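Each reported figure results from applying straightforward, stated rules to the coordinates on display, with no laboratory input. Remember, it's a predicted structure, so these values are computed and weren't measured experimentally. Using ideal geometry, Cβ is built from the backbone for each residue, glycine included, and neighbour counts are taken over all protein chains shown.
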Amino acid sequence: MTGLLRHLERQPLRTGLTVAGVALGMLTLVALGALGEHFRAVLVEARGYTAGSVRLFTKTNAEGVNSGISPEQLERVRALPGVRHVTPTLLILLDGFDLEADPLSFATPKPMVEGLEAPLAGEVRAGLPLVEGRWLEAGDERAAVVARWLARRRGLAVGGEVTIRHRPYRVVGLYEAPDLPMLPAAVVPYAALDADFTRPQRERARADLARLAREVGLGARPGFAPGPVLDRVADRLVEAQEALFRVYEVVPADRSAAGTRALAAAMREAVPDLAVIDPERIDAQVGQAMGMFLVVSLVVTALSTVVGGLLVVNTMAMAVLERRREIAVKAAVGAVPLQVALELTAEAALLGLVGAVLGVALGAAAIALAEPLLLERTGGGFRLFLLTPRLVLGTVAYGALLGAVAGFVPALRAARVDPAVALREL
């Protein structure tokens, strides 16, 4: 090892540039790898959220008509063998929109809040393990169970308050959830969330119908009070419109993969005009997105590490030229070509190893500095990158291997030096 270091110290500038080039490639590998490790962990955690229930959506038919989910269709689903619960759910932005403060709020990930029927919330979301407090119960109105990552970011605690859709809710429990934008950061009673969400539409519909009643003179008819009647009509219109976008969670009695799959197949036969989404399809979609990210990561990583590899090749090629006399002397005193090749390959591997260790350190520092800023900007969870032992060890090993492979050709060239010719030339 001492001899290898001594050889590398002969050209400190060249060695430093080579190590820096390898470190840059490894830094990119660490950053993208940590992002990929985070997505892999989230994918595993998200399976617990999606497993054990089937989602029922409305869809537009071939004629372009979307009639929503009718009570008759819901009754057909409830009547199916193996159905334990059918409950509506509403998933919307937890903080609402503030386009003046954040014009691109539609395009950036935001925490979501989900409304579920309070007595069923814990059972429906059994894949989100409760870590403190309790789940929603019958009689809860302005109560919320929040994800632990949201509690950490906003300083929330059981017994305190959280603002959801500009309304105060009492925190009654905390659950563990992956920090995916598609997953809820809080669960509240469906009735309260639905009322808050549709209140602006109801008020607008009531005002429009009242204005129409004045225009056609309904209030002038003897014995007719249009106010209460039109208010009920407005509410019904809003409910019918919002029903087009509601999602229902269907919980099977058998929540195993086979039981969920069988129930999804039965639902497709019972309500062919509705969209039935089972966990396997969600997993497939998430896995496809993950595969695209991995392909992009591999391409970027390959391009980044090529730079470091070329620098190693250049450094070792120059080292062979500068040390031809030394190599010739070693060969003349009995060193076999394999020994010469192994020595130079070990030097190249050492360059890659040092660069990889430096790249891992720089990558970890960059993640520690950048992650809080990115989380603050995106409003996401408590983590974007996951630096695992597997990633660290793999990066270091890859750096050493990269150096050895890049230095192999110059080392092979050095091993073929004819000592007699080299000594005559020098």
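With the crude spin-label approximation of a point 7 Å out along Cα→Cβ, what separation in nm comes out for E132 versus R281?
Going from the E132 label point to the R281 one covers 3.8 nm.
So which GluC sites (Glu not before Pro) in segment 136-182 pass both tests, a DSSP loop state and at most 15 other Cβ atoms within 10 Å of the Cβ?
Of the GluC sites (Glu not before Pro), the ones in loops of segment 136-182 whose Cβ has at most 15 other Cβ atoms within 10 Å are E137, E141, E176.
In a shell of Cβ-Cβ distance under 12 Å around L391, excluding L391 itself, what net charge do Lys and Arg (+1) and Asp and Glu (-1) give?
Charge balance near L391 sits at +1.
What is the gain in length, in nm to one decimal, between V216 and A41 on full extension, counting 0.36 nm per residue of separation less the C-alpha to C-alpha distance?
Extra length available between V216 and A41 comes to 56.8 nm.
What does the charge count near R78 come to, summing +1 for each Lys or Arg and -1 for each Asp or Glu among other residues with Cβ under 12 Å from its Cβ?
Taking every Cβ under 12 Å from that of R78, the sum is 0.
Once you list every other residue whose beta carbon is under 13 Å from the beta carbon of R202, what net charge do they have if Lys and Arg are +1 and Asp and Glu are -1?
-3
FRET efficiency for R167 and L393, Cβ-Cβ distance as r, R0 = 41 Å, nearest 0.05?
0.25
Residues with amide H under 5 Å of E117's amide H, sequence separation 5 or more or different chain, H placed in the peptide plane at 1.01 Å from N; which?
Sorted by chain and number, the residues that satisfy this are Y190.
For E75 and V158, calculate 0.36 nm times their separation in residues minus their Cα-Cα distance, and state this gained length in nm to one decimal.
Between E75 and V158, full extension yields an extra 26.1 nm.
Can you compute the modelled spin-label distance between L342 and L373, with each label point 7 Å from Cα toward Cβ, in nm?
Here the modelled spin labels are 4.8 nm apart.
Figure the gain on full extension for A361 and V233 (residue separation times 0.36 nm, minus the Cα-Cα span) and round it to one decimal in nm.
Net length gain for the segment: 39.6 nm.
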